[in-house]
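These notes concern the structure reproduced below.
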Number of protein chains: 2
Amino acid sequence: MKSIVCSVRVEAAPPALHDNTADLDRLRQALLAALADDRFLTIPFERMVPVARVFRESGFAGYALLNDQEQGWVLADFLAEKPQVLAGMALDLGTTHLEATLLDLEGGNVLASGNLENSQISFGADILSRIHYATAKRRQQKQPAPDFLDPGLRELQETIIAAINELAGQLAAAAGLEAHAIRALSVSGNTTMAHLFLGIDPYHICREPYIPLFNCAPALEAGQLKLAIHRAAPVWIMPSVGSYFGGDLISGILASGMAQSNKTRMLIDVGTNAEVVIGNREWLIACAGAAGPALEGGVARMGMRAGPGAIEYVSIDLESYDLTCRTIANVPARGICGSGLIDLVAALYLSRVIDIRGKIRDPKKEQDQARAAFMKAHIRERDGMRSFLVVGEKESFEGRAVLLEQIDLDAMIRSKAAMYAVLKTLISQVGLDFSDLEEIVVAGAFGRHINPERAITLGMLPDLPLSVYRAIGNSSLRGAEEVLLDRASRLACEKIVSSITYLELNVNQEFMIRFSGARFIPHTDSSLFPSVPSFNGRE
Amino acid sequence: MKSIVCSVRVEAAPPALHDNTADLDRLRQALLAALADDRFLTIPFERMVPVARVFRESGFAGYALLNDQEQGWVLADFLAEKPQVLAGMALDLGTTHLEATLLDLEGGNVLASGNLENSQISFGADILSRIHYATAKRRQQKQPAPDFLDPGLRELQETIIAAINELAGQLAAAAGLEAHAIRALSVSGNTTMAHLFLGIDPYHICREPYIPLFNCAPALEAGQLKLAIHRAAPVWIMPSVGSYFGGDLISGILASGMAQSNKTRMLIDVGTNAEVVIGNREWLIACAGAAGPALEGGVARMGMRAGPGAIEYVSIDLESYDLTCRTIANVPARGICGSGLIDLVAALYLSRVIDIRGKIRDPKKEQDQARAAFMKAHIRERDGMRSFLVVGEKESFEGRAVLLEQIDLDAMIRSKAAMYAVLKTLISQVGLDFSDLEEIVVAGAFGRHINPERAITLGMLPDLPLSVYRAIGNSSLRGAEEVLLDRASRLACEKIVSSITYLELNVNQEFMIRFSGARFIPHTDSSLFPSVPSFNGRE
């Protein structure tokens, strides 16, 4: 009984003249005896009559469904028969995408999974524009009614609730269930998304000193949010630490296991922002938002999220200069996702198509014949700007060539430099070396298929044995799954929030120096990357 | 901070770049520090935004209003200024009447008091007819919607809520407050009234084996019941023990202080039913509903509730045969209330107008001249039935004489016999004598002005020194007041409910024998009443 909802068999003696305990008091006594703990049990007012009715009609026996809330047990339902499956939905509430898993809360197995675009995008692509939208229509009321909601905020909330309901319906259908059979929901998202989800004013999040209205949400039930799942389903919202340090990252820390480990681990989570945490069960130190442009769709002009048609793997044979691409779902290429981009840039560096600054070299000046031929075939130039042709018009989706432009490369170099500078600054801050790390957990859409070897080649990740790296995919979703299944994980979130130290890198001088040094491949100081061939000074 | 709502001064440092705790988390931390206990603090979802707004606008300082619930603290409101008064309403939710007090929760003083007829009377004068009304229109739905309410039940609930709102408005106005300034409500009523108040099916209460749906109500707030007081006001409902042993009696036990005393006390509460409890801090034994017709309005044809025009005091001078009456408010007599009836019947017995069986004697057979003249003036006879004229047409209200008929006298004798039999059976049951009692607490409308000496004359109450008797008036209301002011009293209710033993007298052979013996004035065994003149065998 560690999941957030559990079913408990209850049997009571039927009432008699000599045993005239009231129906609900009888249920309460039998339930407390079955639970055998000393936690408080709440039977909510609105559930008294339906619960008592089933209890009586089933001969004073059946199955109580209990929500495990921080303050104790809450009776969610009473059923005559044991439910076939107790389904819970874990949701990564991303700024651009929603990704969810439907779990069997008793067995822990996945019943269905799916994703959906965050339809709030129509009100603003990023967090800042949504905060603006939420509060721009604010009426200048001195004393708003207690249930007053800014019209923009209401729109944003209704939109995201509708999207979650759609996704819940899809998952339930895929598992052969009705949406209201979903008995729990965990939500992991950044601080602004959590505010918008609850319809709570995010105004101060983006204004100095950047204070959210809440970090820890109260115990909620789905009915309070008009969610179309079971109205008594507990809604667990991952706590956040601050405006720019959201529940999604707490979720990632949880999923990385670092807060439960005696040895020190590092978590690198690249989503819309890149976030890095180092720590163990004793301490946690984190920084976020400083890694520059993200590696997922949006960096390169041809960049895209990992999905059908995204190039996720690239290699260039250093002898034959054969270029090999693989797209997700093996369909014609539409663009390139994070892992493909890293592969590509690493390959371009190793094959010396680009120099240590990430600049596409001039094919005309190339001495090596094979390389010159390859470069000639792949490098295009327009208005003095070079670009690299990854997939030509004939093989690509709808005849749109996949091109990596110099401007994209420059952004990529800045990103990787920022990433390494963050990692190095953070590890120095705690007086450790990278070699002290038990594990580096790589998460995010970026992390799903990443080849750490290639990232090391770029000087993006430290030059450590590959066995140190572990990819966990969408860590925000993984953490959301864990809290559905395990009370210890729910309690761990609280501990993570209270033990985390946040390092502000935007104003960190050391970070800026390290960032400059990292703007070469693999690094100005090539001794930091002994496994990577260095072409410095061999131009 | 023992009252059910308390205000707590909160001061927090304003947020800064280096201190970016979220507004509500900041409030929570400051509040927990001010409370300095380890109880759980709930900030309900719907209160997050308004509370955070005032906290911020008041410079991160102000006054938190907290509801003290069993599971911990619940934040009810946040105010910039300390509230002038924290008002709470204690309500005796009687079947026929509502009686209420408005208290200052911090000082404990009475701000206002008042009463109102229970407007549910239009749906049925007694509990049984209201239970019938509540469920007669029941639709035969296999699976009623979760929010389904029987139409009759809904009507009854809406009626009582409207009446409470009316009374709350009156009390608030009398205290110079708005109704929504009432921050707490305690309700003491019988089990059926508690069900009707919450709109909960009372169907099984009056059907063997007489099982209520609930005895202990959950934590509630006024907004959930559409009460017109502050929506976050906690609504405390006195727990009951069974269908015929309601929260009003638990309230009386609490108010009597017996459950907190080392010495044994007895509580006699006469309302619509007569209920008797004996006990101390170790044990409590009770019986209810067996005392026969009540002594308040309804027994005698001229019987009425204590109110203007009710005869509340009667005496007959045993020398001059002068009859003296006093009415409440000194207005012409409209009827006779419980205390007046006891005075009257005792006086009729002592003046030998009635015999030891309570029968009006034949004036023609009277030997004593003065008494014969008195009887001739006061005894009327019609169809062979005698009646006693208390107040003649000329002095009474609207010229309707106040008459005590033989049939009323017979009912009165049965009532007093039942009362004494109950007391005697109960005291024997626990192996004690009346003389072992530290105190006899007399409560109910009946108890407000009762002269125990006259009740002893009738053989209704045991023949003990008058100092043993203490009248506390409406004990149901007294208990409701106590729980508003004192957490220890709220906790005591739980203890009372769990330690009480209920004695069923309707099927008790000993009770029936004692009842027969008590149908004489003062008793068949006159040695039980040494202070009362015995006319047995002196007819």
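Bear in mind that the values in this text are calculations on the coordinates, not laboratory data. Predicted model, so just to flag it, every value in this text is computed and none were measured. Here Cβ is always computed from backbone atoms with ideal geometry, including for glycine, and neighbour counts include all displayed protein chains.
Neighbouring Cβ atoms from other chains, within 10 Å of the Cβ of residues in B:48-54, number 6 on average.
Charge dipole (Cα centre; +1 on Lys/Arg Cβ, -1 on Asp/Glu Cβ; no other charges) of the protein assembly as shown amounts to roughly 940 debye. Sorted shortest first, the separations between the B:Ser531 label point and its copies elsewhere in the assembly read 10.2 nm; each point sits 7 Å from Cα along the Cα-to-Cβ line.
Based on DSSP, what percent of beta bridges with both residues in the protein assembly as shown are antiparallel, to the nearest 5? All intermediate terms of the calculation are to be shown ahead of the outcome.
On the way: 114 of 170 bridges.
Once the DSSP bridges in the protein assembly as shown are tallied, antiparallel ones form about 65 percent.
Across the identical copies, the 7 Å label point of B:Lys82, projected outward along Cα→Cβ, sits 5.9 nm from its counterparts, in ascending order. Per residue of A:210-223, other chain Cβ atoms within 10 Å of the residue Cβ number 6 on average. Computed from the C-beta positions of B:Asn330 and B:Lys495 and an R0 of 56 Å, the FRET efficiency is 0.80 to the nearest 0.05.
Taking only C-alpha pairs under 8 Å that are 6+ residues apart, what is the relative contact order of the stretch A:391-539 in percent?
Values: 139 pairs, mean separation 43.2, N = 149.
Reported relative contact order: 29 percent.
What percent does the relative contact order of the stretch B:5-79 come to when contacts are Cα pairs within less than 8 Å and at least six residues apart?
On the way: 108 pairs, mean separation 31.2, N = 75.
Result for the stretch B:5-79 is 42 percent.
Going highest first, how would you order A:393-406, B:413-426, B:514-527 by mean Cβ packing within 10 Å?
Put in order of decreasing packing, that is B:413-426, B:514-527, A:393-406.
For the rotation that carries chain B onto chain A, the axis lies closest to a Cβ at B:Gln71, 3, where the number is the distance in whole Å.
As a proxy for reagent exposure, ranking B:Leu86, A:Leu254 by other Cβ atoms within 10 Å from fewest up yields B:Leu86, A:Leu254.
Quote the relative contact order of the stretch A:87-237 in percent (integer), defining contacts as alpha-carbon pairs under 8 Å separated by 6+ residues. Let's see the in-between values first.
Numbers: 283 pairs, mean separation 37.8, N = 151.
Normalised by residue count, the contact order of the stretch A:87-237 is 25 percent.
Between copies, the label points at A:Gly114 (set 7 angstrom from Cα along Cα-to-Cβ) are spaced 5.7 nm, reported in nanometres from shortest to longest.
Above 42 Å lies some portion of the pair distances; for chain A, what is it as a whole percent of all C-alpha pairs? Show your work: numbers first, answer last.
Details: 41791 of 144991 pairs.
The answer is 29 percent, as a whole percent.
Amide H contacts of A:Leu220: A:Val235, each under 5 Å away and 5 or more positions distant or on a separate chain (H built 1.01 Å from N in the peptide plane; Pro and chain starts excluded).
Per DSSP H run of at least 4 residues, take -39500 (n - 2.57); add these up for chain A, divide by its residues and hand me the 222 nm value, nearest 500 deg cm²/dmol.
Numbers: 14 runs with 166 residues, N = 539.
After summing the helix terms and dividing by the residues of chain A, the value is -9500 deg cm²/dmol.
Within the same chain, aspartates and glutamates fewer than 8 places from B:Lys364 are excluded, and of the rest, those with a Cα less than 19 Å from its Cα are B:Asp355, B:Glu381, B:Asp383, B:Glu405, B:Glu539. Per residue of peptide A:36-46, the mean number of Cβ atoms on other chains within 10 Å of the residue Cβ is 3.
Specify whether the C-alpha gyration tensor of the stretch B:358-400 places it in the rounded, prolate or oblate class, a ≥ b ≥ c being the square roots of the eigenvalues: rounded for a/c under 1.5, otherwise prolate if a/b is larger than b/c and oblate if not. Write down the numbers at each step before the final one.
Values: a/c = 2.90, a/b = 1.61, b/c = 1.81.
It is oblate, given that a/c is not under 1.5 and a/b is not larger than b/c.
Remark: the stretch A:197-214, residue by residue, has Karplus-estimated 3J(HN,Hα) of 4, 8, x, 10, 3, x, 3, 7, 4, 9, 10, 3, x, 6, 10, x, 6, 9 Hz, where x stands for each Gly or Pro and the curve is 6.51 cos²θ - 1.76 cosθ + 1.60 at θ = phi - 60°. For the protein assembly as shown, the calculated P(r), taken from all Cα-Cα distances in 20 Å bins from zero up to the bin holding the longest distance, is 11, 32, 26, 16, 9, 4, 1, 0 percent.
What does the charge add up to near A:Pro83, with Lys and Arg as +1, Asp and Glu as -1, over the other residues with Cβ less than 10 Å from its Cβ? Intermediate values should be presented prior to the final figure.
On the way: positive: A:Lys82, A:Arg183; negative: A:Asp77, A:Glu81, A:Glu106.
Within the 10 Å Cβ shell, the charges total -1.
Applying 1/(1 + (r/R0)^6) with r as the Cβ-Cβ distance of B:Gln224 and B:Gln367 and R0 = 60 angstrom yields a FRET efficiency of 0.25. Computed over neighbours whose Cβ is under 11 Å from that of B:Leu24, the net charge equals +3, Lys and Arg +1, Asp and Glu -1. The GluC sites (Glu not before Pro) of the stretch B:1-102 that DSSP puts in a loop, and whose beta carbon has at most 15 other beta carbons within 10 Å, are B:Glu70, B:Glu81.
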